[in-house]
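Structure first, commentary second.
The values are calculated or read from the model by the stated rules, or taken from the named source; none is laboratory data. Quick caveat: nothing in here was measured; it's all calculated off a predicted structure. Glycine also receives a Cβ, built like all others from the backbone with ideal geometry; neighbour counts cover every protein chain displayed. SASA here: full protein model, heavy atoms, side chains in, ligands and nucleic acids out. Shrake-Rupley method; radii C 1.70, N 1.55, O 1.52, S 1.80 Å.
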Amino acid sequence: QVQLVESGGGLVQAGGSLRLSCAASGRTSTTNAVAWFRRAPGKDREFVAAIAWVGSGTYYADSMKGRFTISKDTAKNTVYLQMNSLKPEDTAVYCCAAGAALVFTHMDSYRYWGQGTPVTVSS
C-alpha cells in the first residue's frame, strides 16, 4: 500500500501562486510516477501534471503548461505542484495519485489516491 497526503491548498486571488505538496509513504517502490489531477465543481476529474520517480520525465496538460511546474524530492518522497498566474477557473480540489503508470496522463494508470486539497481562486 501507498499513502498519499496533500497539503498547501487554500484561497488565493487571481494572478497569485500556491505550492501544493504530496507526501508519499509506504511501498512507494511499487510505483513509478506521481500525478496531480483536479476536479472542479460540476466537472469531471482532469489531468494536471505528472512526474516520474526515476529520471526527469514530466508531463503537463496543455492548459497548465507555462503556469504550473511539477517537481519532486525523492529523499522526502514528496512531489510538489507550483501553480503560478492562477485563474478563477483553476478552482478545484487537487488530488495526487501514484501508480505503476504506463500512460502518465490517464487516471486508470494510478492505483493510489490522496484525499485532495481544495484550491479556490477569487477574481
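Annotations for the structure displayed:
- Within the accessible surface of the chain, defined with a 1.4 Å probe on protein heavy atoms only, the carbon and sulfur portion equals 49 percent.
- Neighbour-limited loop hits for trypsin sites (Lys or Arg not before Pro), the stretch 38-84 (at most 13 other Cβ within 10 Å; DSSP other than H, G, I, E, B): Lys43, Lys65, Lys76
- Square roots of five times the Cα gyration tensor eigenvalues for the stretch 56-123, Å: 21, 14, 13
- Extension gain for Arg39 to Val5 (0.36 nm times residue separation, less C-alpha to C-alpha distance): 10.6 nm.
- Other residues within the sphere of radius under 15 Å centred on the Cβ of Val12, judged by their own Cβ, net out at +2 (K and R +1, D and E -1).
- Taking the Cα centre of the stretch 40-123 as reference, the dipole from Cβ charges on Lys and Arg (+1) and Asp and Glu (-1) amounts to some 160 debye.
- Each Lys or Arg adds one and each Asp or Glu takes one away; over the other residues whose Cβ falls under 15 Å from the Cβ of Cys22, this sums to +3.
- Taking only Cα atoms of the stretch 6-50, radius of gyration then Dmax in Å: 13.3, 38
- Ligands, DNA and RNA are left out, and with a 1.4 angstrom probe the accessible area of the stretch 3-113 is 51 Å² per residue.
- Antiparallel beta bridges, as assigned by DSSP with both residues in the chain, represent about 90 percent of the total such bridges.
- The tail of the calculated P(r) for the chain, taken as Cα-Cα distances beyond 24 Å, holds 18 percent of the pairs.
- By the Cβ distance rule (another cysteine Cβ under 4.7 Å), the unpaired cysteines of the chain are Cys95.
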